[in-house]
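Below: the structure, in structure tokens.
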Amino acid sequence: MTAEYARLVASFATGRPNQARWILRPARTRGNIGLLPGSFNPPTNAHVALARSGHASGMDHVVYVLSNNTVNKADVTGIPLTDRLRLLADIARADGDGVIFTNRGLYVEIAEDVRPLIDGEPTFLVGHDKIVQILDPKYYVARPAALDELFQRARIAVAPRNEATAADVVTLMAMPANRRFAERITTLALARPYRSMSSTNVRAGVESPVPPNVAAYLARKKPFAN
């Protein structure tokens, strides 16, 4: 399977647009599907908790989405993409979830690319910091048109991160530039211990719990050793 992942990663490096492939397909690809994008370098317990929060909110399945072109993280080193795919597949399989690999990083692009793979309107699962990024004008040539396209294709469920709360989401969406999209945004519960966990902390050597398969991998490979 690792060799298959390696061939897929190599084929996505050609720069051809609009590629998305199942790595692990859940039992159903229709209904209320959550999409959980990230660099997963490495996956943490917060990622798993966010996926399970999606289940608790009524989602039938959650699909982890890994891109070889993650926004703001193109230069991040550490765990090879092939290994991240394998780790995510192991995590997702335990909860009956799925994994998709794509070659584009903006959420509007991901929403477009996964349309042939799922049947229904997906909901992105994100932390508060990510919804701020999604709404940031600097990532768009034509922000209103791009966000209109995104919110026509997907909803977004926002979980608290660090000290941010559901009230902060309401305040953010009440801003004049964001108000038109507010009805497409909901909030998710996330227990406080998970709110400050991050892959960045793991890479920096700061304690941030990870799933058992990831812990075993980090102990064996030491991908973030200086």
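Only the coordinates and a few stated rules stand behind these numbers; no lab work does. Nothing here was measured: the structure is a model prediction, and the numbers come from that model. With ideal geometry, Cβ positions are generated from the backbone for all residues, glycine too; neighbour counts draw on all protein chains shown.
Across the chain, where is the longest run that never hits GluC sites (Glu not before Pro) in a DSSP loop with at most 14 other C-beta atoms within 10 Å?
For GluC sites (Glu not before Pro) (loop position, at most 14 other Cβ atoms within 10 Å), the longest site-free span of the chain is 1-162.
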Study note, to complete from the structure: Per the rule of 0.36 nm per residue minus the C-alpha distance, extending Arg93 to Ser196 adds in nm 34.6 nm
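Return the equivalent ellipsoid semi-axes of the chain as a descending list in whole Å, where each equals the square root of 5 times an eigenvalue of the C-alpha gyration tensor.
For the chain, the semi-axes come out at 26, 21, 18 Å.
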Practice item. Quote the relative contact order of the chain in percent (integer), defining contacts as alpha-carbon pairs under 8 Å separated by 6+ residues. Key: 26 percent
Review point. Counting only Cα, what are the radius of gyration and maximum Cα-Cα distance Dmax of the stretch 106-197, in Å?
Key: 13.3, 38
Point to revise | Derived scalar couplings ³J(HN,Hα) [the stretch 182-188; Karplus, 6.51 cos²θ - 1.76 cosθ + 1.60; whole Hz; x for Gly, Pro] | key: 4, 5, 9, 10, 10, 10, 10
Review point. Where does each of Asp168, Asp113, Asp119 land when they are ranked from fewest to most other beta-carbon atoms within 10 angstrom?
Key: Asp119, Asp168, Asp113
Practice item. Figure the gain on full extension for Glu163 and Glu207 (residue separation times 0.36 nm, minus the Cα-Cα span) and round it to one decimal in nm. Key: 14.0 nm
**Study point:** Whether the stretch 24-123 is rounded, prolate or oblate, judged on the alpha carbon gyration tensor where a/c under 1.5 counts as rounded
**Key:** oblate
Check your understanding: Going by a ≥ b ≥ c, the root eigenvalues of the Cα gyration tensor, does the stretch 128-171 fall in the rounded group (a/c under 1.5), the prolate group (a/b larger than b/c) or the oblate group?
Key -> prolate
Revision key, fill the gap. Sorted by chain and number, the residues with a modelled amide H under 5 Å from that of Tyr140, at a separation of 5 or more or across chains, are none
**Study point:** Farthest positive-ward along the stretch 103-226 dipole, Cα basis, beta-carbon charges - from Pro144, Thr200, Val108
**Key:** Thr200
Study note, to complete from the structure: If each part is reduced to its alpha-carbon centroid, the stretch 165-222 and the stretch 43-121 end up apart, in Å, by 14 Å
Study note, to complete from the structure: Full extension between Gln152 and Arg28 adds, at 0.36 nm per residue less the Cα distance, a length in nm of 42.4 nm
Study note, to complete from the structure: Simple spin-label estimate for Arg21/Asn45, 7 Å along Cα→Cβ, in nm, reads 3.4 nm
**Study point:** Lys222-Ala142 pseudo-label distance in nm [points 7 Å out on the Cα-to-Cβ vector]
**Key:** 5.2 nm
